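Undergrad: Below is a structure I'd like to ask you about.
The values are calculated or read from the model by the stated rules, or taken from the named source; none is laboratory data. Just so you know, these numbers come straight off a predicted model, no measurement behind them. Don't worry about glycine lacking a Cβ; one is built from the backbone with ideal geometry, like all the others, and counts go over all protein chains shown.
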Amino acid sequence: MISPSADPAYQRAFSSSSASCPKSAPGIGELMYFVSDGGKAAVHHGLRRKRRMKHIVGMLLMAAVVCLPITARADGRHPQGGYTNADIKGGYGCGVSGALSGAKTVGIAQFHPAGNGTFSASVFVVNLDGVGVCQYSLENGTGTYDVSANGVGSAQATYSLQTGSAKNCPAEFSSHLSFVCSGAEITANTCNIATLDPGLLLHGTCTKQNK
């Protein structure tokens, strides 16, 4: 019987095992040789294992490629397929500044788009330089909006002066807004707005409220 240490197959098996096993584990080469019929089965087993590992790695890479678009959509800045009017819904609180009727203006606004292209309610509370605080509410049936798939849209509304306002506030004003929204998949959570009317130069940022 040939000594295991003199068999080339044994030497290959022992050399291969030595490269990946700690030196503190003696006898690995001998065990592989005797169990694998002179080292051949060990070599074959190693080849099968490499092929099996390549197959597993290939499947994992394929799964990653398939899942990547899904993850990207889940973390995207706008809904899959783009925004619709239904995505602009609920209360939005805004800070605004600019000019109204030629007077420097700063204040807040609140919009309530209904998700169907109309506003259920809206208010403006602004301080006009040299005039005072003016409070406005949406006139029923005048508020509409429309948004494109990329989040850019427009809105129109008419606002009338409310009691408690300063004496010389304008009685009403009509507003044509442009806006661009971004945010969550279900509902846009931030919209930047700017008016498009002569004599009404307001702009600001609106943030989705909890209610």
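Undergrad: Can you pull out the residues in region 122-150 that are surrounded by 14 or more Cβ atoms within 10 Å (Cβ to Cβ) and either in contact (Cβ under 8 Å) with a residue 60 or more places away in the chain or closer than 18 Å to Thr205 by Cα (or both)?
TA: Matches in region 122-150: Ser122, Val123, Phe124, Val125, Val126, Asn127, Tyr145, Val147.
Undergrad: What about Ser122, is it among the hydroxyl-bearing types (Ser, Thr, Tyr), at pLDDT 95 or above and either more than 32 Å from the chain's Cα centre (by Cα) or not in a loop (DSSP other than H, G, I, E, B) (or both)? Walk me through it before giving the result.
TA: Numbers: among the hydroxyl-bearing types (Ser, Thr, Tyr): yes; at pLDDT 95 or above: no; either more than 32 Å from the chain's Cα centre (by Cα) or not in a loop (DSSP other than H, G, I, E, B) (or both): yes.
Spelling it out, it is not the case that Ser122 is among the hydroxyl-bearing types (Ser, Thr, Tyr), at pLDDT 95 or above and either more than 32 Å from the chain's Cα centre (by Cα) or not in a loop (DSSP other than H, G, I, E, B) (or both).
Undergrad: Restricting the search to region 163-188, which residues are at pLDDT below 90, closer than 19 Å to Cys94 by Cβ and surrounded by fewer than 21 Cβ atoms within 10 Å (Cβ to Cβ)? So that I can check it myself, show each step before the final result.
TA: Step one: of region 163-188, the residues at pLDDT below 90 are 182-188.
If we keep only those that are closer than 19 Å to Cys94 by Cβ too, we end up with 182-184, 187-188.
Answer for region 163-188, where residues must be at pLDDT below 90, closer than 19 Å to Cys94 by Cβ and surrounded by fewer than 21 Cβ atoms within 10 Å (Cβ to Cβ): Ser182, Gly183, Ala184, Thr187.
Undergrad: Suppose we filter Cys134, Cys94 for residues that are part of a strand (DSSP E or B), touching a Phe, Trp or Tyr at 6+ places or on another chain (Cβ under 8 Å) and within 21 Å of Asn210 (Cα to Cα); which single one remains? Can you show your working first?
TA: Values: Cys134 fails: within 21 Å of Asn210 (Cα to Cα).
When all the criteria are applied, what remains is Cys94.
Undergrad: State the number of residues belonging to region 149-163 that are in a loop (DSSP other than H, G, I, E, B) and either in contact with a Ser or Thr (Cβ under 9 Å, 6 or more places away or on another chain) or of a type in the set (Val, Ile, Thr) (or both). Reasoning before the result, please.
TA: At the first step, the residues of region 149-163 found to be in a loop (DSSP other than H, G, I, E, B) are 149-151, 162-163.
Pick out the ones that are also either in contact with a Ser or Thr (Cβ under 9 Å, 6 or more places away or on another chain) or of a type in the set (Val, Ile, Thr) (or both) and you get 149, 151, 162-163.
The qualifying residues number 4.
Undergrad: Now for a separate question. Taking region 197-208 as the region of interest, how many residues are loosely packed, with under 13 Cβ neighbours inside 10 Å and either out of contact with any strand residue (DSSP E or B) (no Cβ under 8 Å at 6 or more places or on another chain) or modelled with pLDDT of 90 or more (or both)? I'd like the intermediate steps shown before the answer.
TA: Residues of region 197-208 that are loosely packed, with under 13 Cβ neighbours inside 10 Å, as a first pass: 198-199.
Subsequent filtering for residues that are either out of contact with any strand residue (DSSP E or B) (no Cβ under 8 Å at 6 or more places or on another chain) or modelled with pLDDT of 90 or more (or both) retains 198.
Residues in region 197-208 being loosely packed, with under 13 Cβ neighbours inside 10 Å and either out of contact with any strand residue (DSSP E or B) (no Cβ under 8 Å at 6 or more places or on another chain) or modelled with pLDDT of 90 or more (or both): 1 in total.
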